[in-house]
1. Along Cα→Cβ, 7 Å out, is where each label goes; now give me the distance between the ones at residue 69 and residue 26 in nm to one decimal.
2. P(r) for segment 11-229, please, calculated from all Cα pair distances in 5 Å bins and given in %.
3. I need to check one value: relative contact order of the chain, counting alpha carbon pairs closer than 8 Å and at least 6 residues apart, in percent.
4. Could you please rank 130, 210, placing first whichever residue has the fewest other Cβ atoms within 10 Å of its Cβ?
5. Stretched out fully, how many nm does the piece from residue 182 to residue 37 gain, at 0.36 nm a residue minus the Cα gap?
6. Would you mind computing, in nm to one decimal, how far apart the modelled labels at residue 206 and residue 6 are, each placed 7 Å from Cα along Cα→Cβ?
7. Cut-off is 10 Å between beta-carbons; in what order do 75, 27, 162 appear when sorted fewest neighbours first?
8. Under a plain spin-label model, where a point goes 7 Å from the Cα along Cα-to-Cβ, how far apart in nm are residue 222 and residue 154?
């Protein structure tokens, strides 16, 4: 046994989750990205990369970790970037998702050689914990004003929307997605891809995967977009 504290990963349990992710990818057409802020144990990245499409990150060093250790697609997102790090973020990313229109305006030209997206805030979420609620009052996580977003549509090709938190209720997810369709439908039909973020607990026991896949597929077909998930 190791002499120091360590993390012990049950590969059989990890495999069960990976197989569910693979099932959703196959039957919904959605792509799956590993959110490195939640799990960054790169010793199993070679194993996980067979079942996933890439990584998404929330800092410069997570972007570099995804690029160097996982490969495939590397998405970058952060609520804030400094002038000193944005260049290196762009060098290591395939897509960069800006948190706000002001961030897009500030750094968009520097990222003109990679795919650019914008975070949207639907102003509703499944979180019951105010501190972790991205849609709470006065939240600065994403844009909610459709008119303002319309003014920058020529600078982006996709959106990221994160408003689920440990959500194991498919019906609640369905209602949340319906709200997104109603609020942002005029924008969604004009982009190529939409990330629905993480917090959707579809790897849990008894989650209705077939209904979930059908809902994702219908959303993708309705707006003509590639859907991304961040399980």
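1. Taking the simple label geometry, residue 69 and residue 26 are separated by 2.9 nm.
2. Taking all Cα pairs of segment 11-229, the binned fractions are 1, 7, 15, 19, 21, 18, 12, 5, 1, 0 percent.
3. Over the chain, the number comes to 19 percent.
4. 130, 210
5. Working it through step by step, the gained length comes to 49.2 nm.
6. Once both label points are built, they end up 3.7 nm from each other.
7. Going from least to most buried by this count: 27, 162, 75.
8. 3.0 nm
Every read-out reported here was derived from the displayed coordinates using simple, explicitly stated rules and does not represent laboratory data. On a predicted model such as this, the values are computed, not experimentally measured, just so you know. So basically every Cβ, Gly included, is an ideal-geometry build from the backbone, and we count neighbours across all protein chains shown.
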